[in-house]
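Working notes, beginning with the structure itself.
Read-outs: derived from the displayed coordinates by stated rules, not from any lab. This structure is a prediction, so every number in the text was calculated from the model and none was measured. Glycine also receives a Cβ, built like all others from the backbone with ideal geometry; neighbour counts cover every protein chain displayed.
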């Protein structure tokens with residue numbers, strides 16, 4: 001008999017990230033043309049950009065299949081980790097489920113469109129940060145939680161997890 005999927009209770013977080021990510025990308029793609037920009041508040045615009053690469057459009061000449069495969073490999077690795085680790089690793093499990101949702105959200109875009117729709121843009125004067133989306137935010141938040149967990153593990157007196 002197989003063990004229950006110990007951290008499956010957190011997979012709702014991945015599903016939520018994917019749902020919000022895909023819904024917001026649908027709204028942007030159905031209402032804005034490529035390169036359109038709508039000022040929302042000072043220092044923040046909604047835009048429509050297409051990213052064929054990864055962060056900051058790096059590797060934008062690589063075929064979408066490479067990034068889809070990478071997303072699949074990362075997803076399998078995360079699912080394996082979630083299956084094999086105890087439930088007392090909640091912070092890490094949350095981090096991985098956020099990363100999983102973000103990776104799959106962007107992989108869905110690449111499979112369906114050949115690019116990722118980015119729409120959040122922060123700027124100051126003529127400088128703007130690279131546009132991003134909900135999936136990117138989930139991946140970044142997940143990575144931040146992993147860093148937080150590493151910092152907490154290194155603190156004196158912190159109990160090591162089994």
| task | Please list 12-22, 146-156 highest first by mean number of surrounding beta-carbon atoms within 10 Å per residue. | result | 12-22, 146-156
| query | By count of other Cβ within 10 Å, fewest leading, how are 159, 25 ordered? | reply | 159, 25
| note | Quick calc: nm separation of the 7 Å Cα→Cβ label points for residue 137 and residue 91 -> 2.3 nm
| said: For a quick check: sort 43, 115 by the number of other beta carbons within 10 angstrom, fewest at the front. | reply: 43, 115
| query | If the convex hull of the alpha-carbon atoms of the stretch 113-162 is projected onto planes in all directions, what is the mean projected area in square nanometres? | reply | 6.4 nm²
| For the chain, what is the mean residue ellipticity at 222 nm derived from helices alone (per DSSP H run of n ≥ 4: -39500 (n - 2.57); sum divided by total residues; nearest 500 deg cm²/dmol)? | -18500 deg cm²/dmol
| said: What's the ranking of 67-80, 100-113 by average number of surrounding C-beta atoms within 10 Å, highest first? | reply: 100-113, 67-80
| said: Once you order the gyration tensor axes a ≥ b ≥ c over the Cα atoms, which shape class does the chain get: rounded for a/c under 1.5, otherwise prolate or oblate by comparing a/b with b/c? | reply: prolate
